[in-house]
Amino acid sequence: MTPTAFVERAEGALADAQLQLALSRATGTLGSRRASAFESLENADAVRDAARAARMNAIANLSGLLERFESKLIANGAQVHWAETSEQANHIVVDIARHTRTERAVKSKSMVSEETHLNEALERAGVTPVETDLGEYIVQLSHDRPSHIIAPIIHLTRQQIGRVMEQRLNVPYTDDIRTLAATARAKLREEFLRADMGISGANFGVADTGTICLVTNEGNGRMVTTMPRVHVVLMGIEKLVASMADLDVCLKVLARSGTGQKITVYTTMVRAPRRPGETDGPDELHVVLLDNGRSRILSGDTAEILGCIRCGACLNVCPVYRNIGGHAYGDTYPGPVGAVVTPGLRGLTEWRELPHASSLCGACRDVCPVRLDIPRMLLALRAAAVADDPQPKSLALGMKAFGWIASRPALYRAMARVGRLALRSRARNGWIGALPGLAGGWTKSRDFPAPAARTFQDEWRARRKRRAS
Ligand code: SF4
């Protein structure tokens, strides 16, 4: 998929009525659940501050914490691998699969494995990967891609999911959610029993103890990490917190922000492979620590984004995401967080359009449980993109002309008056359906509000006059 086609993808999404329906229902529900979950949290602001402090501390001390994490993992009996790139990470996992004679692997939800395209690498090596998170399972069955960080099939209606299951699993069509879930559950149970390897991501790694923490609602994470004889964790190097106390505050805000729950149904802590006398757990535990551009982000203006705990809350409130969905962003991480992360991981030159996929309304910053200032980072990326590759001459000239007019108040007022009158003449019921000329791009997919009858300055003057009299 070419990154320069962002506008094309966004236009396609805006024209898809089913997508619009699915998005508005799901993001609305997730957003209101989040709001009530935080209302019931005592000292919510202080907890968010503590979560931010935990993540910012981890980012500021990343190399020291990574060393501590590695030595604890090794002491616990895990094998640690370092991958600089996606290709290296996939190569390491394929190598582990070879030496453990793995033919089938079950996976719990992992955005990092989407980032590295691990499933394709495993398939090329003759290993069959099976996604076990219900949403990811549907994505895999339909050869689709996830479109939301925590709700991979947010773009599908239950009727569409019913049809995917009917076609791919050869079961009778239904759109009853319980029946669909029961069908997937029965199929996946067989997969857990057959798999040689379990592959998971990590919501957090705790440096002090070498603990991997996974949060899930379906219990599949626990099956993936305990049933197969080999467990591989693929995680980004930024996923660390220093201590169990830091993990505690992060968990308090993660589920509330993601799904509106106080805590997810399963919180799994993995520390070691199976020890003598234990009845379950893998014979081997491998942890693959992936950089893939994170060190580059760490040294730049957007290092703060590495504190993201992937809750997805910023997606649900973003007016851009809510209209175009996740696929339009063109890569693994969608929404406001993706607009910062993707150019950081993959390069600003090719992904320069993404920082513009924002109205800079600030809703993402307001809901972010770790208070990441996404609008600031988007502006920094926009500035860097312009500095690297100046805008077309026509745009520079246009901005210059605007600056010239705006710095002459009388002229500006006169032109604003003419413009306002012209726009008001096009308005119907307070809205303009089509703006003229270049401005028409704005009204391609939405109406434009008609200008008020009086300008702010006129209103201000009138009020002052009224007050004075
Ligand atoms: S940027 Fe903040 S709100 Fe968005 S996914 Fe990350 S932690 Fe959640």
message: Can you find, within region 285-298, the residue that is farthest from the ligand (Cβ to nearest atom) among those that are under 18 Å from the mean Cα position of the chain (by Cα) and not in a loop (DSSP other than H, G, I, E, B)?
response: Leu290
- prompt: Does any residue of region 401-412 turn out to be surrounded by 10 or more Cβ atoms within 10 Å (Cβ to Cβ), free of Cβ contacts under 8 Å to residues at least 24 places away in the same chain and not in a helix (DSSP H, G or I)?
  reply: yes
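Specify the residue that is farthest from Glu87 (Cα to Cα); the eligible residues are those in region 259-284 that are outside any loop (DSSP other than H, G, I, E, B) and touching a Lys or Arg at 6+ places or on another chain (Cβ under 8 Å).
So the residue we want is Tyr266.
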statement: Sole miss for Ala427 among (1) at pLDDT 90 or above; (2) among the hydrophobic types (A, V, I, L, M, F, W, C); (3) closer than 30 Å to Ile324 by Cβ is condition (1)
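Residues checked against (1) hydroxyl-bearing (Ser, Thr, Tyr); (2) outside the structural domain of His148 (by TED's automatic domain parsing); (3) over 24 Å from the mean Cα position of the chain (by Cα):
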position	(1), (2), (3)
Val80	no, no, yes
His99	no, no, yes
Thr102	yes, no, yes
Lys107	no, no, no
Thr116	yes, no, no
Asn119	no, no, no
Thr128	yes, no, yes
Thr132	yes, no, no
field: Selection count, region 183-206, where residues are aliphatic (A, V, I, L, M), closer than 18 Å to Asp283 by Cα and crowded, with 21+ Cβ neighbours inside 10 Å
entry: 3
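Just to verify a result, which residue in region 96-119, among those that are assigned to a helix (DSSP H, G or I) and free of Cβ contacts under 8 Å to residues at least 60 places away in the same chain, is nearest to His148 (Cα to Cα)?
Of the residues in region 96-119, the ones assigned to a helix (DSSP H, G or I) are 96-99, 111-116, 118-119.
Checking which are free of Cβ contacts under 8 Å to residues at least 60 places away in the same chain leaves us with 98-99, 119.
Values: Arg98: 32, His99: 34, Asn119: 18 Å.
The qualifying residue nearest to His148 (Cα to Cα) is Asn119.
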- request: Looking only at region 221-242, decide whether some residue is of a type in the set (Ser, Thr, Tyr), crowded, with 21+ Cβ neighbours inside 10 Å and either over 27 Å from Val127 (Cβ atoms) or within 16 Å of the ligand (Cβ to nearest atom) (or both).
  value: no
statement: Selection from region 232-257 of residues of a type in the set (Ser, Thr, Tyr) and assigned to a helix (DSSP H, G or I) yields Ser257
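The values are calculated or read from the model by the stated rules, or taken from the named source; none is laboratory data. Keep in mind that what you see is a predicted model, and the values were worked out from it rather than measured. All Cβ positions, even for glycine, are placed from backbone atoms using ideal geometry, and neighbour counts span all protein chains on display.
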